[in-house]
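Asker: Sharing a structure here in structure tokens format.
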Amino acid sequence: METNDFNVDITDEQVTFFQENGYLSIPRITTDKEIDWLKGIYDELFTERTGEEQGRYFDLAGPRAHKGKETLPQVLGPEGQFPELRESIYFQNARRLAAKLLTVEMEKVGGGGHMILKPANYGNETPWHQDEAYWNPEVLPHSLSVWLPLDVATIESGCLHFIPKSHKGEVRWHRHINNDPLVHGLVTDDVDPSEAVVCPIPAGGATFHHCRTLHYSAPNSTPYQRRAYILVFSGPPQKLDKPSDRPWITEEQEALAKLKSLAAERE
Ligand code: NI
């Protein structure tokens, strides 16, 4: 691993753009050399399906523990197994820029990652959603995601699409993909895709989006896989007096509990 002397910075105009529009795209956040190193770790995690039993590897767009081909495999918390990821140029730059975009002191910004793979010539779309819809309804988060593709991200391979300014509204009504609460992935129908901005970026570039920004990515129709390593950074959240209404979270918890008790009965 390289030492971090590859400091990426953003201008005040870019900070303002992010705060007004809820997203930002930059052409570089790490080096080609580090991308190669990250690919090694990434491929190992997806080949070994590390942490599947603990729920740290699963198919975002398929029911839990299904036996078919994965459509949108995901690894949660790769830094647990590879703590050196936290020392990477990508992580360090992403955290510093996140603090700037969130206008929070660096020391108060914490975060971690997940990885989403779109296999070549295959894979599902990541339907329109807001990240906050997945999260604890009892708090108002102050968070953003940094999205790093390890392979060039084009419209055809599954780069991100954003709805500008959508982070200024409410969390929309979401439901589970295929209306199946055992599918972790969420989708909202409350969106006008004609308002979307598409953000293709090279490998090693990055897009940032606020936790409330509506985003989407298409299925991968290219003969190359599209590997993405996402980091979510947060400043201190605000406790809400009244929790937000997110029944889709309860539905998933209940469906998982049912699945568990059925499995226990069979044993
Ligand atoms: Ni998302």
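Asker: What does the helix-only formula give at 222 nm for the chain: each DSSP H stretch with n ≥ 4 adding -39500 (n - 2.57), the total divided by the residues, and the result rounded to the nearest 500 deg cm²/dmol?
Answerer: Computed ellipticity for the chain at 222 nm equals -7500 deg cm²/dmol.
Asker: Can I ask one more? Apply the Karplus parameterisation 6.51 cos²θ - 1.76 cosθ + 1.60, with θ equal to phi minus 60°, to every residue of the range 161-169 and state each ³J(HN,Hα) to the nearest whole Hz, in sequence, with x for glycine and proline.
Answerer: Karplus-based 3J(HN,Hα) across the range 161-169 equals 10, 10, 9, x, 6, 5, 6, 8, x Hz.
Asker: So, one more: Please turn the phi angles of the range 244-258 into ³J(HN,Hα) values with the Karplus equation 6.51 cos²θ - 1.76 cosθ + 1.60 (θ = phi - 60°), one per residue in order, whole Hz, x for glycine and proline.
Answerer: Once rounded to whole Hz, the list reads 6, 8, 9, x, 4, 6, 4, 4, 5, 4, 5, 5, 5, 5, 4.
Asker: State to the nearest 20 debye the size of the charge dipole of the range 130-267 about its Cα centre, where the only charges are +1 on K and R beta carbons and -1 on D and E beta carbons.
Answerer: The dipole magnitude comes to about 320 debye.
Asker: Now for a different question. Cα atoms only, the range 131-267: Rg and Dmax in Å?
Answerer: Answer for the range 131-267, Rg first and Dmax second: 17.1, 51 Å.
Asker: Over the Cα atoms of the chain, how large are the radius of gyration and the largest Cα-Cα distance (Dmax), in Å?
Answerer: Over the chain's Cα set, Rg and Dmax evaluate to 18.0, 60 Å.
Asker: Go from 0 up to the bin containing the longest alpha carbon distance in the range 84-139, width 10 Å each, and give me the % of pairs per bin.
Answerer: 17, 33, 38, 12, 0
Quick note: the coordinates plus some simple rules give every number you see, no bench work behind them. Just so we're clear, the structure is a prediction, and the values are computed from it rather than from any experiment. Backbone-built Cβ (ideal geometry, glycine too); neighbour counts: all protein chains shown.
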